[in-house]
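Reviewing the structure listed below.
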Ligand SMILES: Nc1nc2c(ncn2[C@@H]2O[C@H](COP(=O)(O)OP(=O)(O)OP(=O)(O)O)[C@@H](O)[C@H]2O)c(=O)[nH]1
Ligand SMILES: [Mg+2]
């Protein structure tokens, strides 16, 4: 494969609502540019982009696919992204490493939530946008209606490049406002006949052509002058203005296709190659320390940013990168910023789904892949040893859907661990974590679909039977008032006996509290619990009733109970223990005896000290369209939420609330069905709060029963 100069490269992502036709459009573009000689489609499960078994099974994209082709001596790199909202991590990544976003709109559905969300991402990352109205071959398509919707959503920067003459089942023609011709596609699509605009379309075409010229001229003074003088511009001049307008996000061009019938993709291909900016003009990435901005220059130090990792049959782990500086050459040694270790680029490849080709070298702005890296993962930079600065990582929103997972057969535990690790390498937004506290493996993602994708891989690719269930809640235990207890541990069986006796008074700890005065404190130790809160141990023993050497054993006994709280076995927190008396035996007292005595005295005192179970409460923000607000509020109230406020933001309302974690189980699914996927939410840990009395009773009972079973 030949080496492309930076100015001859175009990097675009295909985004837009689920099923709007991104993969089908990509397929037609690959076909029209001669990259493939047979046009695949979704139904036949033979597209280049949806090549993974899971995608063929589900008939939708699950992961983004990097594609490339050549047209008019330009290299077009496409990242085809999956449209379902749970795969937003893939879209965000693609937006980070491409230079233009092609957003498809399903003419049958109009502007969808997914369209808006992806448009917002493009805005956030400063990417030019090209709209493609696809699916225009459905019955009852009203082009003008959708155009109005689009203008309402995305403003008046939309510039019509084409409009359909006969949208609907008979669709086969568009008026191309750049060429001022009618393009009529033959049965089966492909190359159109180029015809004069029919009389009945002339007025409309002229008017729209005029507006197109005007928007094209707007960005450039010379064009504006020329336009005023001649009242027109040539196709070349319009393209020049469009290019500038597109790059500056002043113009969002709109093209029209039926990707499935291959009517229109060829013009999209032409348009992209001619009108969207090359990486030298627009592509940039800062180093993490902000010291340097890489702008795809060859005389910069080599800097390859790994944005994606995939597992491929026969190849193993493949790392996709974008060259932000210098160039990538086969056999070069670079520094991986992950651990500042050496990584060799054994091969430089270009990939399009399963197809691949080798390249000798790759210049800045281009997108390629390599294999056999030792350990470098997604979001790592492979850099020139002389300038080993990591580039800024792609930032993902925090996961909001958490489940617990386990292998049905414990003999599969290790295999499951390997599988989960690989899944996380491929999709860094699926976070896997073993909770020591809950003794559960947790997977965190963006929603049920996201988790089910992992499940599919584990069951079908790794062949492991698994169970997915709601995770336990990390409750805490504490006390609300003083209590006394004593415990005598005494054992005489055969040889050496055991004896330890202890008297304690416990009290709730709170920030800024004063030490109790009833028992003079001889020594105080303060421990910060790993899980939050404190344990304070006051040694108030007088007259050597218990030898100081037994204090560590007492502490150990207390800690064991802090770790496994007396009420429900959850972590305990914020407790002051005053040890004020005890007894020893000259021969039988030892560490075990005092540890046991401390454990039991602590448990007894705890249960009398107005014990409370605390639950984690999260700060939740929901963005919801105004008309769905009532339903979402009612639902939140049913989840014991405390609403803290709401504010309007455009046509959305932002609801701020505090909600117990126990009530947030599968909230993403509930919210999505309440609002037809139009709402979004974030959640972050806020604090621990006492659970209501009835819930406490229920939890106590559950624990009691569980103890009986064990
Ligand atoms: N009638 C018609 N069907 C289309 C058109 N484009 C795509 N389709 C069909 O619509 C469905 C979705 O197409 P895809 O190409 O998978 O859409 P996508 O946007 O890649 O979907 P996701 O990746 O899942 O978001 C498939 O069944 C396609 O065959 C079109 O222009 N007209
Ligand atoms: Mg797709």
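The values are calculated or read from the model by the stated rules, or taken from the named source; none is laboratory data. Not measured: the values here are computed from a predicted model. Note that each Cβ is placed from the backbone with ideal geometry, even for glycine, and that neighbours are counted across all protein chains shown.
Please determine whether any residue of segment 506-522 is part of a strand (DSSP E or B), more than 46 Å from the chain's Cα centre (by Cα) and in the same structural domain as residue 558 (by TED's automatic domain parsing). Can you show your working first?
Narrowing segment 506-522 to residues part of a strand (DSSP E or B): 506-508.
Okay, now just the ones that are also more than 46 Å from the chain's Cα centre (by Cα), so none.
No, because not a single residue in segment 506-522 is part of a strand (DSSP E or B), more than 46 Å from the chain's Cα centre (by Cα) and in the same structural domain as residue 558 (by TED's automatic domain parsing).
Each row is one residue, and each column tells you yes or no for (1) closer than 26 Å to residue 694 by Cβ; (2) buried (at least 16 other Cβ atoms within 10 Å of the Cβ).
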{"residue": "590", "(1), (2)": "no, yes"}
{"residue": "599", "(1), (2)": "no, yes"}
{"residue": "604", "(1), (2)": "yes, yes"}
{"residue": "607", "(1), (2)": "yes, no"}
{"residue": "634", "(1), (2)": "yes, no"}
{"residue": "638", "(1), (2)": "yes, no"}
{"residue": "644", "(1), (2)": "yes, no"}
{"residue": "651", "(1), (2)": "no, no"}
Item checked: Pick from segment 52-69, criterion in contact with a strand residue (DSSP E or B) (Cβ under 7 Å, 6 or more places away or on another chain) and more than 12 Å from ligand 2 (Cβ to nearest atom), ranking: nearest to residue 354 (Cα to Cα) -> 66
Check: Among strands (runs of 3 or more DSSP E) lying entirely in segment 223-331, which contain 2 or more residues that are farther than 30 Å from residue 419 by Cβ?
Finding: 252-256, 316-325
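Answer yes or no as to whether residue 25 is over 15 Å from residue 355 (Cα atoms), within 9 Å of ligand 1 (Cβ to nearest atom) and in contact (Cβ under 8 Å) with a residue 60 or more places away in the chain.
Values: over 15 Å from residue 355 (Cα atoms): yes; within 9 Å of ligand 1 (Cβ to nearest atom): yes; in contact (Cβ under 8 Å) with a residue 60 or more places away in the chain: yes.
Taking the combined requirement at face value, the residue satisfies it.
Just to be sure before I move on: is residue 138 under 23 Å from residue 677 (Cβ atoms), within 16 Å of ligand 2 (Cβ to nearest atom) and within 37 Å of the chain's Cα centre (by Cα) in the structure I sent? Spell out the reasoning first.
Values: under 23 Å from residue 677 (Cβ atoms): yes; within 16 Å of ligand 2 (Cβ to nearest atom): no; within 37 Å of the chain's Cα centre (by Cα): yes.
Answer is no for this residue.
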Next item on the list: Would you mind stating whether residue 396 is in a loop (DSSP other than H, G, I, E, B), touching a residue at least 24 places away in the same chain (Cβ under 8 Å) and in contact with a helix residue (DSSP H, G or I) (Cβ under 9 Å, 6 or more places away or on another chain)?
Entry: yes
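May I ask you to list the residues in segment 376-393 that are assigned to a loop (DSSP other than H, G, I, E, B) and either buried (at least 18 other Cβ atoms within 10 Å of the Cβ) or touching a strand residue (DSSP E or B) at 6+ places or on another chain (Cβ under 7 Å) (or both)?
As a first pass, look at segment 376-393 and keep what is assigned to a loop (DSSP other than H, G, I, E, B): 376-380, 384-390, 392-393.
Hits for segment 376-393 are 376, 377, 378, 379, 380, 384, 385, 388, 389, 390, 392.
Specify the residue that is farthest from ligand 1 (Cβ to nearest atom); the eligible residues are those in segment 7-22 that are in a helix (DSSP H, G or I) and out of contact with any helix residue (DSSP H, G or I) (no Cβ under 7 Å at 6 or more places or on another chain). Break it down stepwise before answering.
Keep residues of segment 7-22 that are in a helix (DSSP H, G or I), which gives 7-8, 22.
Applying the additional criterion that residues be out of contact with any helix residue (DSSP H, G or I) (no Cβ under 7 Å at 6 or more places or on another chain) yields 8, 22.
Working: 8: 27, 22: 4 Å.
Filtering segment 7-22 for residues that are in a helix (DSSP H, G or I) and out of contact with any helix residue (DSSP H, G or I) (no Cβ under 7 Å at 6 or more places or on another chain), the one farthest from ligand 1 (Cβ to nearest atom) comes out as 8.
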Checklist line | Filter result (within 27 Å of residue 684 (Cβ to Cβ) and either out of contact with any strand residue (DSSP E or B) (no Cβ under 9 Å at 6 or more places or on another chain) or part of a loop (DSSP other than H, G, I, E, B) (or both)) within segment 399-428 | finding: 399, 400, 427, 428
Check: Tally time: how many residues in segment 131-150 are more than 15 Å from ligand 1 (Cβ to nearest atom) and either without any contact (Cβ under 8 Å) to a residue 40 or more places away in the chain or within 22 Å of residue 282 (Cα to Cα) (or both)?
Finding: 5
